[in-house]
Amino acid sequence: MRKISLGIFCGMILSATMLFGQGKNAKAITAAQLRDYLTFIAADEMEGRDTPSRGLNTAAKFLAMNLSRWGLRPAGEENTYFQKIALRRDRTNPAQTRVEVNGRIFSFGADFLDREQVAGTASGALVYVGHGWLIKSKNINPYAGLEVKDKITVFLSGLPKGAAYSDLWGKQGEDLAAPLTYAAKHGARGAIAIANFQTLANWERHRRETVKEGRVTVEKFWKEDDVALPAITASPRLLNALFEGEKESGATIFNRGLGGEAVAPFELAATKKVSFTVGLNSDRLFTQNVVAILEGSDAKLKNEYVAIGAHYDHVGFGAAAQGDSIYNGADDDGSGTVAVLAMAEAFSRGPRPKRSLLFVWHCGEEKGLWGSRYFVENPVVPLAQIVAQLNIDMIGRSKKAGDTNSENAELADANEVYVIGSKMMSTSLGALSERVNQSYLQLKFNYKYDDPNDPNRFFFRSDHFNYAQKGIPIIFYFNGVHEDYHQPSDSPDKIDYARMEKIVRTIYATAWELANAKNRPQVDKKLPAELTEF
Ligand SMILES: [Zn+2]
């Protein structure tokens, strides 16, 4: 018989109590339940749940129907579960969009594309600025000695030599500036991008998209976000006209740009008369976050909320693979969507915790964290009363034994989950998260991406980011990217439901503990500077 030490004895009392308290309810969360919900949410009929879209609206109604069945309180407008979000759609109007170079007219679609769907007329001298990126961390500054004010900048598509997407962080407009951001910030009148092979290969699709689908933005953010600079993409024919008579021809600029030895920036002849106009058809669309509350049982603590969230949108239709153009988004983020749904069901059927629970299914995450940004700027409960936010994105896949596919290299294995942010803002939240896991299913909590300098920047790439920006401590649960990430093949049959069940039960237990804890987690650490600049 093994000698029993005092320590172990205490541990066992704790886990029994916690297990019994939560086990009953956590046990209501099952692999079969998750599979049933995900098979619906990620079915082809949902058409990839783009924002906005018919498929997304159907998914929203499915969530609302269940929430109503379980008696959760609607937290949206007019006693619904929907937090309505007005969107602005801007589509290129070909009849009002044209370019003129020294009196020669160039037409939309044949000679150029509308890059930004920003209406306006730009006229002025041209200044060629290489790739146009300012990246101080790499000592890349194509604007040295150049003036862009009241001019039209011309830039190569893509990143300059020696820069990677992981270098693109820092204070926007100061440490780092994309070509359009720099041009807008320094008073340029407009910008012209030089099409690369990829754009040329998809020219017709781009033209159609700007006329048919256009650019959709959240109306409320439009003013804030928009660089508001009319911008076009030039075909080789227009490019040649723009650089006619200059020290370098359009063809040289194009070829050297692609070859990696881009021509150095220079100002074009001030006598060259160039102007372009972009005309738009603009209208209004709507989408929604889905929001519900389960009121707490304690007269005082019920005024505090544990927020649990995921994004229920994905990317919709896209480039076909094996004839399939529906991006089902089963893992991204169907897995989070049904995890939150299963927890809502389990909590609604079990004993009520003391604090209230706030369930938020965000839309528009794939478009740039729209839904969570809209939510934290238009919260349905005061942000100060949200004690923590638990965000779930991509917890459905696990690395199979013997899987040598390099795209699955970082996928968490069958008893592991990446945990990001739990210790970043609140020592007590990090400790609680660990304690619950250790006393319950003892998953392997992998903190590999819990690093401000993680080159993958996962901290920035899901909805918890907007809550953290508002000072709410967060925990982000994630299993890593894989071969089907943002592919039509991200389908429900590839999900590891048994492992998902364990993760969701652990998150449920963590929420239960947070909702019953005597004290709310204290925010005793400031977010590292690197994590405050998107
Ligand atoms: Zn996602």
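Within the range 413-424, track down each residue that is modelled with pLDDT under 95 and among the hydrophobic types (A, V, I, L, M, F, W, C).
Ala414, Met424 - these are the residues of the range 413-424 that are modelled with pLDDT under 95 and among the hydrophobic types (A, V, I, L, M, F, W, C).
Which condition from (1) out of contact with any Phe, Trp or Tyr (no Cβ under 8 Å at 6 or more places or on another chain); (2) within 30 Å of Phe276 (Cα to Cα); (3) not in a helix (DSSP H, G or I) is the one that Leu87 breaks?
Looking at each condition in turn, Leu87 falls short on (1).
Which pairs turn up if I take residues in the range 388-416 that are on the phi > 0 side of the Ramachandran plot and look for partners that are assigned to a loop (DSSP other than H, G, I, E, B) and within 15 Å of the ligand (Cβ to nearest atom) with beta carbon separation below 9 Å, at least 6 apart in sequence or on another chain?
Listed by first residue and then by second, the contacts come to Met394/Ser462; Met394/Asn479; Met394/Gly480; Met394/Val481; Met394/His482; Met394/Tyr485.
Looking only at strands (runs of 3 or more DSSP E) that fall completely inside the range 285-378, which ones have 3 or more residues that are closer than 27 Å to Pro521 by Cα and within 16 Å of the ligand (Cβ to nearest atom)?
Result: 305-311, 356-362.
Of the residues Arg215, Arg237, Arg208, which is without any contact (Cβ under 8 Å) to a residue 24 or more places away in the chain and of a type outside the set (Phe, Trp, Tyr)?
Result of the check over Arg215, Arg237, Arg208: Arg208.
For Thr121, are the conditions met, namely being in a strand (DSSP E or B), open to solvent by less than 40 Å² (accessible area, probe 1.4 Å) and in contact with a Pro (Cβ under 9 Å, 6 or more places away or on another chain)?
Spelling it out, it is not the case that Thr121 is in a strand (DSSP E or B), open to solvent by less than 40 Å² (accessible area, probe 1.4 Å) and in contact with a Pro (Cβ under 9 Å, 6 or more places away or on another chain).
Please determine, by comparing only the residues of the range 520-534 that are at pLDDT 95 or above and touching a strand residue (DSSP E or B) at 6+ places or on another chain (Cβ under 9 Å), which one is surrounded by the fewest Cβ atoms within 10 Å (Cβ to Cβ).
Filtering the range 520-534 for residues that are at pLDDT 95 or above and touching a strand residue (DSSP E or B) at 6+ places or on another chain (Cβ under 9 Å), the one surrounded by the fewest Cβ atoms within 10 Å (Cβ to Cβ) comes out as Arg520.
How about the range 299-323: which of its residues are open to solvent by 50 Å² or more (accessible area, probe 1.4 Å), among the charged types (D, E, K, R) and touching a residue at least 40 places away in the same chain (Cβ under 8 Å)?
Lys302 - this is the single residue of the range 299-323 that is open to solvent by 50 Å² or more (accessible area, probe 1.4 Å), among the charged types (D, E, K, R) and touching a residue at least 40 places away in the same chain (Cβ under 8 Å).
Tell me the residue from Leu390, Leu411, Leu429 that is among the hydrophobic types (A, V, I, L, M, F, W, C), more than 16 Å from the ligand (Cβ to nearest atom) and either closer than 18 Å to Ala330 by Cα or open to solvent by less than 10 Å² (accessible area, probe 1.4 Å) (or both), please.
Of Leu390, Leu411, Leu429, the one residue that is among the hydrophobic types (A, V, I, L, M, F, W, C), more than 16 Å from the ligand (Cβ to nearest atom) and either closer than 18 Å to Ala330 by Cα or open to solvent by less than 10 Å² (accessible area, probe 1.4 Å) (or both) is Leu429.
Would you be able to tell me the number of residues in the range 30-65 that are part of a helix (DSSP H, G or I) and either among the hydrophobic types (A, V, I, L, M, F, W, C) or over 13 Å from Ala342 (Cβ atoms) (or both)?
25
Is it the case, given these coordinates, that Ser428 is farther than 23 Å from Ala339 by Cα, assigned to a helix (DSSP H, G or I) and more than 16 Å from the chain's Cα centre (by Cα)?
yes
The values are calculated or read from the model by the stated rules, or taken from the named source; none is laboratory data. Note that the structure is a prediction, hence the values are computed from the model and not measured. A quick note on method: Cβ atoms are made from the backbone with ideal geometry, for glycine too, and the neighbour counts reach across all protein chains shown. Protein only, heavy atoms only, side chains kept; ligands, DNA and RNA dropped before computing areas. Shrake-Rupley method; radii C 1.70, N 1.55, O 1.52, S 1.80 Å.
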